[in-house]
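What follows is a set of notes on a single structure, which appears directly below.
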């Protein structure tokens, strides 16, 4: 058998290197240790979900950084949004909560359960800020005295709550640059009472806007949004939706 020419060997070597690069693509930024059960969930998330969602631990950055420039397919940022296993599994099986943007069953069977478990474990990593480290004084370790928390603008926090919970995917709100068409426009609800706005969020089927059917908006926000964030969201809507 004749030996391969040097030029042929070079072509074969380059092809092998290219194949290795392609096989590694997509998982090189994953921060979950390889060989652990959750690594498989991170890989699936990056392959199937990264185009529309952000999650640093999966090396994914598909959410919009600014809601004013968001596209229709920019989904929630899971760095700042906690999720439960059951909610994720429901969203996977039903195409999100509106069924209008995300395809149903983007992963199925054991893979869907693995992605749900992965998100339940890692979503919301940026929600809580770690405590300040202890300070060393006179050779002894003394806990740092926490600085007084600045008074937060409730409406400003509400803008973040609106974005992180994907409200703009279903509702129109000009002040937020949101153009969703699944649910009613929010542009004129600023004069609505806080009690009525709260009911519309936590029990959306209690009063249905004309032209819309029951069941479009998920009834789970009362559990997934904290009381503080809910008050902030209402304050934000009352301020800008006029």
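Quickly run through region 97-122 and pick out the residues that are at pLDDT below 80 and at positive phi.
99
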Can you name the residue in region 203-241 that is touching a strand residue (DSSP E or B) at 6+ places or on another chain (Cβ under 9 Å) and in a helix (DSSP H, G or I) and, of all such residues, is modelled with the highest pLDDT?
237
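Conditions (1) modelled with pLDDT under 55; (2) surrounded by fewer than 10 Cβ atoms within 10 Å (Cβ to Cβ); (3) over 14 Å from the mean Cα position of the chain (by Cα), marked per residue:
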| site | (1), (2), (3) |
| --- | --- |
| 18 | yes, no, yes |
| 28 | yes, yes, yes |
| 66 | no, yes, no |
| 78 | no, no, no |
| 84 | no, no, no |
Restricting attention to region 165-182, which residues are surrounded by fewer than 21 Cβ atoms within 10 Å (Cβ to Cβ) and not in a loop (DSSP other than H, G, I, E, B)?
172, 174, 175, 179
With respect to residue 234, determine if the residue is under 17 Å from residue 87 (Cα atoms) and in the same structural domain as residue 171 (by TED's automatic domain parsing).
no
Every residue in region 183-198 that is out of contact with any helix residue (DSSP H, G or I) (no Cβ under 7 Å at 6 or more places or on another chain) and part of a loop (DSSP other than H, G, I, E, B), please.
183, 184, 185, 188, 191, 192, 193
If you check residue 239 against the conditions, is it surrounded by fewer than 18 Cβ atoms within 10 Å (Cβ to Cβ), more than 24 Å from the chain's Cα centre (by Cα) and touching a residue at least 60 places away in the same chain (Cβ under 8 Å)?
yes
Within region 186-194, is even one residue closer than 28 Å to residue 52 by Cα and not assigned by TED's automatic domain parsing to the domain that holds residue 77?
yes
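The values are calculated or read from the model by the stated rules, or taken from the named source; none is laboratory data. For clarity, every value in this text was computed on a predicted model and none was experimentally measured. Cβ coordinates were reconstructed from backbone atoms using ideal geometry, including for glycine residues, and neighbour counts include every protein chain displayed.
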